[in-house]
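**Student:** My structure is below; once you've seen it, I'll send some questions.
The values are calculated or read from the model by the stated rules, or taken from the named source; none is laboratory data. Treat the numbers as computed from the prediction; the structure is a model and nothing was measured. Every residue, glycine among them, receives a Cβ derived from its backbone with ideal geometry; neighbour counts consider all protein chains shown.
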Amino acid sequence: MHRSSLIFLVIILISCSKESIDSDAVIRINSGIRYGFCVGYCAHEVEITFETTTYTKSGTRVDTLPDQSCGGPTEQGEWKSLVDLVDPAFHRLDSVVGCPDCVDQGAEFIEVITSTCSHVVTFDPTLKEEIHPLVGSLRDLRAKVIESEACK
């Protein structure tokens, strides 16, 4: 009886509340795209924290390409804008939206990590409707980081 109660308590503590999200509790936001049927650098991810923004591209298990990373300090206005978009609507999104990487279009993802929980949403990057405002902002940031002097 005690073991099942402990497991239930742990699940409650690590799951994100879908009704209230404290934007001050956001520690990290990861965003990227991965391609399943791909040769070369098939995974592209940006990790954003209050202090740093890092872009990493990775090869597949078949390729023996080394990971390549670049980046720099996070602009505080950009961080605040992103964190302000982390709202209950984001945490209500299903963990999978559409059919990511079903027809070689890739699988895009957003992961928001707070001091108490984490929520990952993986989706088809070709969806015409925007599933959440965070998607567009993170796409813009990824493009900006990749094109930055630090990553050339």
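**Student:** For Ile110, only one of the following conditions fails: (1) at pLDDT 95 or above; (2) touching an Asp or Glu at 6+ places or on another chain (Cβ under 9 Å). What is its number?
**Tutor:** Tallying (1) at pLDDT 95 or above; (2) touching an Asp or Glu at 6+ places or on another chain (Cβ under 9 Å), Ile110 fails exactly one: (2).
**Student:** Going by the structure shown, is Thr126 closer than 19 Å to Cys42 by Cβ, without any contact (Cβ under 8 Å) to a residue 60 or more places away in the chain and within 14 Å of the chain's Cα centre (by Cα)?
**Tutor:** No; evaluated as a whole, the condition is false for this residue.
**Student:** Note down all Cβ pairs under 7 Å where the first residue falls in region 131-151 and is over 12 Å from Ile29 (Cβ atoms), the second is of a type outside the set (Ser, Thr, Tyr) and surrounded by fewer than 14 Cβ atoms within 10 Å (Cβ to Cβ), and they're at least six residues apart or on different chains.
**Tutor:** Pairs found: Gly136/Glu130.
**Student:** Let me ask something else. Taking the residues in region 84-108 that are part of a strand (DSSP E or B) and surrounded by 20 or more Cβ atoms within 10 Å (Cβ to Cβ) as candidates, determine which candidate is farthest from the chain's Cα centre (by Cα).
**Tutor:** For region 84-108, the residue satisfying everything is Ala107.
**Student:** Could you grab me the full set of residues in region 112-152 that are part of a strand (DSSP E or B), surrounded by fewer than 18 Cβ atoms within 10 Å (Cβ to Cβ) and in contact with a helix residue (DSSP H, G or I) (Cβ under 9 Å, 6 or more places away or on another chain)?
**Tutor:** Ser118
**Student:** Now, a different point. Among what's in region 35-47 and is touching a residue at least 60 places away in the same chain (Cβ under 8 Å) and under 20 Å from Lys144 (Cβ atoms), pick the residue that is farthest from the chain's Cα centre (by Cα).
**Tutor:** Top of the filtered list is His44.
**Student:** Another question, then. Just give me the residues in region 100-123 being over 19 Å from Tyr41 (Cα atoms) and in contact with a Gly (Cβ under 6 Å, 6 or more places away or on another chain), in sequence order.
**Tutor:** Phe123
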